[in-house]
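Novice: Sharing a structure with you now.
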Amino acid sequence: MEEIILASQSPRRKQLLEWAEVPFEVRVANTDETYPEGLSMDEIAIHIARNKALAIRRQADPGEQRTILAADTIVVLGGEVIGKPANREQALDILSRLSGQRHEVITGVSILGLDREIDFADRTEVWFHDLTREQILFYIDKYRPYDKAGAYAIQEWIGVTGIKSIRGDFYNVMGLPVSRVIQALSALG
């Protein structure tokens, strides 16, 4: 596989591509993560991911011939998109709301090939055990999940101890449905 451009500064996406032995270079552009009203949850995640990929495409040299991969992960609870917490209080509120509940993690993926584009969303359902306030505060204070949608990372302490079950791709919850991405990259050639 030829080297691609990963349009993400996420250390988790970088790690997942390394595990899959996909050669890549990281490039990041500041993009607007707002979205038009009326989009479905899948369309929201894809819209944001596609904007990231297009921003990198606009920055690239005109003759550059590499595929661009971008992704965006959202957490949905009761039909509401739960973003990244700005501070300790927001993280406490988010995790308290997720405690004992089922939510969905949706990752939108946009892959811009030379003459073709593949966009898709992958969904994983996640169920948390009931979490105590002390457990939540321990996690927030130790792991500082302020850069994570839904205020948590499944591969950290709270995932190991607080998640009851999942249905779907574990790696999607980490931020990238890697096997599906590999299939899409292969389809591009």
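Novice: In this structure, is residue 92 of a type in the set (A, V, I, L, M, F, W, C), over 15 Å from residue 173 (Cα atoms) and touching a residue at least 24 places away in the same chain (Cβ under 8 Å)?
Specialist: yes
Novice: Shifting gears a bit: Looking at 114, 185, 131, can you tell me which residue is assigned to a loop (DSSP other than H, G, I, E, B), touching a residue at least 12 places away in the same chain (Cβ under 8 Å) and closer than 30 Å to residue 65 by Cα?
Specialist: None of the others qualify; the one that does is 114.
Novice: Would you please list the contacts, defined by Cβ atoms under 9 Å and residues six or more apart or on different chains, that run from a residue in segment 63-82 that is on the phi < 0 side of the Ramachandran plot and loosely packed, with under 15 Cβ neighbours inside 10 Å to a residue that is of a type in the set (A, V, I, L, M, F, W, C) and not in a loop (DSSP other than H, G, I, E, B)?
Specialist: 64/5
Novice: Are any of the residues in segment 155-166 within 19 Å of the chain's Cα centre (by Cα), touching a residue at least 40 places away in the same chain (Cβ under 8 Å) and farther than 18 Å from residue 87 by Cβ?
Specialist: Yes - at least one qualifying residue is present in segment 155-166.
Novice: Hey, another quick one. So in segment 95-113, with the set limited to residues that are of a type in the set (Ser, Thr, Tyr) and within 14 Å of the chain's Cα centre (by Cα), which one is surrounded by the most Cβ atoms within 10 Å (Cβ to Cβ)? It would help to see each step written out before you state the result.
Specialist: So the first thing to find is which residues in segment 95-113 are of a type in the set (Ser, Thr, Tyr), and the list is 96, 99, 107, 110.
Next, from what is left, pick out any that are within 14 Å of the chain's Cα centre (by Cα): 107, 110.
Details: 107: 29, 110: 24.
Selected residue: 107.
Novice: Out of all the residues in segment 146-165, which are part of a helix (DSSP H, G or I), surrounded by fewer than 19 Cβ atoms within 10 Å (Cβ to Cβ) and of a type in the set (A, V, I, L, M)? Talk me through it step by step, then tell me what you get.
Specialist: Going residue by residue through segment 146-165, those that are part of a helix (DSSP H, G or I) are 149-151, 157-162.
Within this subset, residues satisfying the condition of being surrounded by fewer than 19 Cβ atoms within 10 Å (Cβ to Cβ) are 157, 159-161.
Of everything in segment 146-165, just one residue is part of a helix (DSSP H, G or I), surrounded by fewer than 19 Cβ atoms within 10 Å (Cβ to Cβ) and of a type in the set (A, V, I, L, M), namely 160.
Novice: Quick check on my filter: what residues within segment 9-48 are among the polar types (S, T, N, Q), out of contact with any Lys or Arg (no Cβ under 7 Å at 6 or more places or on another chain) and modelled with pLDDT under 95?
Specialist: 9, 10, 30, 34
Novice: Name the residue, out of 50, 88, that is surrounded by fewer than 18 Cβ atoms within 10 Å (Cβ to Cβ) and of a type in the set (Lys, Arg). Walk me through how you get there before you give the answer.
Specialist: Numbers: 50 fails: surrounded by fewer than 18 Cβ atoms within 10 Å (Cβ to Cβ).
Sole residue among the options that is surrounded by fewer than 18 Cβ atoms within 10 Å (Cβ to Cβ) and of a type in the set (Lys, Arg): 88.
Novice: Let me ask something else. I'd like the full set of residues that are surrounded by 14 or more Cβ atoms within 10 Å (Cβ to Cβ) and over 27 Å from residue 61 (Cα atoms), limited to segment 21-44.
Specialist: 35, 41, 42, 43, 44 - these are the residues of segment 21-44 that are surrounded by 14 or more Cβ atoms within 10 Å (Cβ to Cβ) and over 27 Å from residue 61 (Cα atoms).
Novice: Quick check on segment 169-182: of everything there that is assigned to a helix (DSSP H, G or I) and aliphatic (A, V, I, L, M), which residue is surrounded by the fewest Cβ atoms within 10 Å (Cβ to Cβ)?
Specialist: Only one residue tops the list, namely 182.
Novice: Using the structure shown, decide if residue 7 is in contact (Cβ under 8 Å) with a residue 60 or more places away in the chain, touching a helix residue (DSSP H, G or I) at 6+ places or on another chain (Cβ under 7 Å) and within 13 Å of residue 112 (Cβ to Cβ).
Specialist: The answer is yes for residue 7.
Novice: Of (1) under 30 Å from residue 137 (Cβ atoms); (2) assigned to a strand (DSSP E or B), residue 70 satisfies all except one. Which?
Specialist: Going through the list (1) under 30 Å from residue 137 (Cβ atoms); (2) assigned to a strand (DSSP E or B), residue 70 breaks only (1).
Novice: Going by the conditions given, is residue 71 modelled with pLDDT under 95 and closer than 23 Å to residue 11 by Cα?
Specialist: no
The values are calculated or read from the model by the stated rules, or taken from the named source; none is laboratory data. Owing to the predicted nature of the structure, the values given are computational and were not obtained by experimental measurement. Note: ideal-geometry Cβ built from the backbone for every residue, glycine included; neighbour counts use all protein chains shown.
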